[in-house]
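Enquirer: I have a structure I would like to understand better, so I am pasting it below and will then ask my questions one at a time.
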Amino acid sequence: MTQSVCPQALKLLENKAEVFVANDGDLNNYADQIKDADAIIVRIGKLDRKAIEKAPNLKVIGRTGVGYDNIDVEAANERNIPIVITPGANNLSVAEHTLAMMLAISKNLAQCDTETRNGNFTSVRGNGKIFEVCGKKVGIIGLGAIGIETARLCKALGMDVLGYDPYLPKEKIEELNILHYADYESMLGDCDFVSLHVPLLDETKNMIGKKQLQMMKKTAILINCARAGIVNEADLIEALENGTIAAAGTDVFETEPPPMDSPALRAKNLLCTPHSAAQTQEAVIRMHTMCVESCLAILRGQQVSNIANKVVYSK
Ligand SMILES: NC(=O)c1ccc[n+]([C@@H]2O[C@H](COP(=O)([O-])OP(=O)(O)OC[C@H]3O[C@@H](n4cnc5c(N)ncnc54)[C@H](O)[C@@H]3O)[C@@H](O)[C@H]2O)c1
């Protein structure tokens, strides 16, 4: 394991496995320990081709989450190694985090907290920056598990939900009472909030860059609780600095943790969280136990449906 799974998940391994915890996101540094590994579980970090090649016995890769852009899928496919993921385990947590960011920004919570403590109670109270989200339009890009949950919560707050997902039929999107857009760029100018819930793929890389930021309202707020790389970080910071959009919230960074001199950490109107959207107490237990149970099932020779590379089952 790159880092330890939670105690509930470790318990599932008692008397079944020898566990090595690297406490390091790069298992290339642990060639001796991974050379005999039957399973590798990646929490934070990466598993590249070189590391997979250092583990000739490897039969399953576990990833405690749904994003697996940090694992070399091609290298795993070549050896027919299933990559276990944990869909459904953190949908609600990430959707709640997205809403928390929207509410925190609309109520200017971060600045209000700092200024109240600094004795600027009156000036920050009356600065006219705060607004209600009810009645505002939120555009959701990517209507998978998290996107749909986010839409549900936004509606509970009285927001209008607009959506774009080229892989979901229009009828399905409309059934969810979401206003369907056939292309996301035409949606951007209609939104008060834009929230991203797509995986990081070649086609989604830099989906939001300078050009798209300019299509958004000057008052718009962008939320990224998906992956860095979907939003071009340098373009976002520039857009926040020069007022192209009003504010943004991000749970993800090009380099994680971002170096202390990262412009993102000094950006105006950017609310930052440390890739913590899925780290609720509840979601962590669900993700880790599901990951460990599925890895054990695969080692027993069973097929589980929650794998990222189903192609390995056809070989
Ligand atoms: N911040 C965090 O801690 C955290 C936690 C969990 C997931 N995530 C990220 O959120 C992403 C979404 O998670 P999910 O569970 O909803 O995944 P999901 O697979 O259920 O949904 C992804 C959706 O994106 C759609 N999509 C794919 N390509 C698209 C494109 N080009 N344009 C628009 N839509 C597109 C898919 O059709 C799908 O409906 C994950 O891939 C992961 O990177 C982040």
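The values are calculated or read from the model by the stated rules, or taken from the named source; none is laboratory data. Bear in mind the structure is a predicted one, so any value in this text is a computation, not a measurement. Quick reminder, even Gly has a Cβ in these numbers, built from the backbone with ideal geometry, and neighbours come from all protein chains shown. Please note that ligands, DNA and RNA were not included when accessible areas were found on the heavy atoms of the full protein model with its side chains. Shrake-Rupley method; radii C 1.70, N 1.55, O 1.52, S 1.80 Å.
Enquirer: How many residues does segment 75-91 hold that are of a type in the set (Gly, Ala, Ser), open to solvent by 10 Å² or more (accessible area, probe 1.4 Å) and touching an Asp or Glu at 6+ places or on another chain (Cβ under 9 Å)? So that I can check it myself, show each step before the final result.
Expert: So in segment 75-91, the residues of a type in the set (Gly, Ala, Ser) come out as 75-76, 88-89.
Now drop any that are not open to solvent by 10 Å² or more (accessible area, probe 1.4 Å), which leaves 88.
Of the ones still in play, those that are also touching an Asp or Glu at 6+ places or on another chain (Cβ under 9 Å) are none.
Here the count works out to 0.
Enquirer: Quick one: what pairs do we get from segment 248-265, first residue of a type outside the set (Phe, Trp, Tyr), second open to solvent by 60 Å² or more (accessible area, probe 1.4 Å), C-beta under 6 Å, 6+ apart or different chains?
Expert: The qualifying pairs are ASP251/HIS275; VAL252/HIS275; GLU256/HIS275; PRO258/LEU265.
Enquirer: With (1) over 21 Å from PRO274 (Cβ atoms); (2) near the ligand (Cβ under 9 Å from one of its atoms) as the list, and GLY67 as the residue in question, which single condition is left unmet?
Expert: (1) is the only condition that GLY67 fails.
Enquirer: When you check ASN232 against the structure, is it under 23 Å from VAL194 (Cβ atoms), open to solvent by 30 Å² or more (accessible area, probe 1.4 Å) and touching a Gly at 6+ places or on another chain (Cβ under 7 Å), yes or no? Full working, then the answer.
Expert: Values: under 23 Å from VAL194 (Cβ atoms): yes; open to solvent by 30 Å² or more (accessible area, probe 1.4 Å): yes; touching a Gly at 6+ places or on another chain (Cβ under 7 Å): yes.
In short, yes.
Enquirer: Only residues that are open to solvent by less than 50 Å² (accessible area, probe 1.4 Å) and in contact with a Phe, Trp or Tyr (Cβ under 9 Å, 6 or more places away or on another chain): list them for segment 245-300, please.
Expert: Listed by number, the residues that qualify are SER262, ALA264.
Enquirer: Please count how many residues of segment 80-91 are within 11 Å of the ligand (Cβ to nearest atom) and either part of a loop (DSSP other than H, G, I, E, B) or in contact (Cβ under 8 Å) with a residue 60 or more places away in the chain (or both).
Expert: Taking segment 80-91 as the starting set, the residues that turn out to be within 11 Å of the ligand (Cβ to nearest atom) are 85-91.
Filter again for either part of a loop (DSSP other than H, G, I, E, B) or in contact (Cβ under 8 Å) with a residue 60 or more places away in the chain (or both), leaving 85-90.
Number satisfying all stated conditions: 6.
Enquirer: Quick one: in segment 159-172, which of the residues that are within 16 Å of VAL194 (Cα to Cα) and assigned to a loop (DSSP other than H, G, I, E, B) is nearest to the ligand (Cβ to nearest atom)?
Expert: Going residue by residue through segment 159-172, those that are within 16 Å of VAL194 (Cα to Cα) are 159-165.
From what's left, assigned to a loop (DSSP other than H, G, I, E, B): 159, 165.
Values: MET159: 19, ASP165: 4 Å.
Once the filter is applied, the top-ranked residue is ASP165.
Enquirer: Okay, next question. Take the residues of segment 60-74 that are acidic (Asp, Glu) and assigned to a loop (DSSP other than H, G, I, E, B): which is surrounded by the fewest Cβ atoms within 10 Å (Cβ to Cβ)?
Expert: The initial filter retains those residues of segment 60-74 that are acidic (Asp, Glu), namely 69, 72, 74.
With assigned to a loop (DSSP other than H, G, I, E, B) added as a condition, the list becomes 69, 72.
Working: ASP69: 13, ASP72: 19.
The selected residue is ASP69.
Enquirer: Further, regarding this structure: If I go through segment 235-264 residue by residue, how many of them are small (Gly, Ala, Ser), more than 14 Å from the ligand (Cβ to nearest atom) and within 19 Å of LEU188 (Cβ to Cβ)? Lay out the reasoning, then the answer.
Expert: First pass over segment 235-264, keeping only residues small (Gly, Ala, Ser): 239, 243, 246-249, 262, 264.
Within this subset, residues satisfying the condition of being more than 14 Å from the ligand (Cβ to nearest atom) are 239, 243, 246-248, 262, 264.
Within this subset, residues satisfying the condition of being within 19 Å of LEU188 (Cβ to Cβ) are 239, 243, 246-248.
Summing the residues that are small (Gly, Ala, Ser), more than 14 Å from the ligand (Cβ to nearest atom) and within 19 Å of LEU188 (Cβ to Cβ) in segment 235-264 gives 5.
Enquirer: Just a yes or no: is a residue in segment 92-102 open to solvent by 30 Å² or more (accessible area, probe 1.4 Å) and touching a Lys or Arg at 6+ places or on another chain (Cβ under 9 Å)? Give the derivation first.
Expert: Going residue by residue through segment 92-102, those that are open to solvent by 30 Å² or more (accessible area, probe 1.4 Å) are 92, 96-97, 100.
Narrowing further to those that are touching a Lys or Arg at 6+ places or on another chain (Cβ under 9 Å): none.
Within segment 92-102, none of the residues are open to solvent by 30 Å² or more (accessible area, probe 1.4 Å) and touching a Lys or Arg at 6+ places or on another chain (Cβ under 9 Å).
Enquirer: Just for segment 177-214: of the residues that are among the aliphatic types (A, V, I, L, M) and out of contact with any Gly (no Cβ under 8 Å at 6 or more places or on another chain), which one is farthest from the ligand (Cβ to nearest atom)?
Expert: The first filter runs over segment 177-214 and keeps only residues among the aliphatic types (A, V, I, L, M), leaving 178-179, 182, 187-188, 194, 196, 198, 200-201, 207-208, 213.
Checking the rest, the ones that are also out of contact with any Gly (no Cβ under 8 Å at 6 or more places or on another chain) come to 182, 201, 207-208, 213.
Working: ALA182: 11, LEU201: 6, MET207: 7, ILE208: 11, LEU213: 17 Å.
Restricting to residues being among the aliphatic types (A, V, I, L, M) and out of contact with any Gly (no Cβ under 8 Å at 6 or more places or on another chain), the top hit is LEU213.
Enquirer: Now for a separate question. From the list VAL304, VAL312, VAL292, which residue is under 21 Å from GLY45 (Cβ atoms) and modelled with pLDDT of 95 or more?
Expert: Working: VAL304 fails: under 21 Å from GLY45 (Cβ atoms); VAL312 fails: under 21 Å from GLY45 (Cβ atoms).
Just a single option satisfies the conditions, and that option is VAL292.
Enquirer: Still on this structure, I have one more. For segment 114-151, give me the residue count where each residue is of a type outside the set (A, V, I, L, M), out of contact with any strand residue (DSSP E or B) (no Cβ under 9 Å at 6 or more places or on another chain) and in a helix (DSSP H, G or I).
Expert: If we filter segment 114-151 for residues that are of a type outside the set (A, V, I, L, M), which is where we start, we get 114-123, 125-129, 131-132, 134-137, 139, 142, 144, 147, 149-150.
Restricting the remaining residues to those that are out of contact with any strand residue (DSSP E or B) (no Cβ under 9 Å at 6 or more places or on another chain) gives 114-123, 125-129, 131-132, 134, 144, 149.
Next cut, in a helix (DSSP H, G or I) only: 114-117, 121-123, 125, 149.
Summing the residues that are of a type outside the set (A, V, I, L, M), out of contact with any strand residue (DSSP E or B) (no Cβ under 9 Å at 6 or more places or on another chain) and in a helix (DSSP H, G or I) in segment 114-151 gives 9.
Enquirer: Looking only at residues that are among the aliphatic types (A, V, I, L, M) and open to solvent by less than 40 Å² (accessible area, probe 1.4 Å) in segment 142-152, which one is farthest from the ligand (Cβ to nearest atom)?
Expert: Narrowing segment 142-152 to residues among the aliphatic types (A, V, I, L, M): 143, 145-146, 148, 151.
Next, only the ones that are open to solvent by less than 40 Å² (accessible area, probe 1.4 Å) stay: 143, 146, 151.
On the way: LEU143: 5, ILE146: 3, ALA151: 11 Å.
Ranking the qualifying residues of segment 142-152, first place goes to ALA151.
Enquirer: Cβ-Cβ under 6 Å, sequence separation 6+ or interchain: first residue in segment 160-186 and open to solvent by 70 Å² or more (accessible area, probe 1.4 Å), partner more than 10 Å from the ligand (Cβ to nearest atom). Which pairs?
Expert: Once the first residue is open to solvent by 70 Å² or more (accessible area, probe 1.4 Å) and sits in segment 160-186, its partners that are more than 10 Å from the ligand (Cβ to nearest atom) give ASP160/LYS137; LYS170/HIS180; GLU174/HIS180; LEU179/LEU162.
Enquirer: Moving on to the next point. In the set LYS136, LYS172, LYS129, which member is modelled with pLDDT under 95 and over 30 Å from ASP38 (Cα atoms)?
Expert: On the way: LYS136 fails: modelled with pLDDT under 95; LYS172 fails: modelled with pLDDT under 95.
Exactly one of LYS136, LYS172, LYS129 is modelled with pLDDT under 95 and over 30 Å from ASP38 (Cα atoms), namely LYS129.
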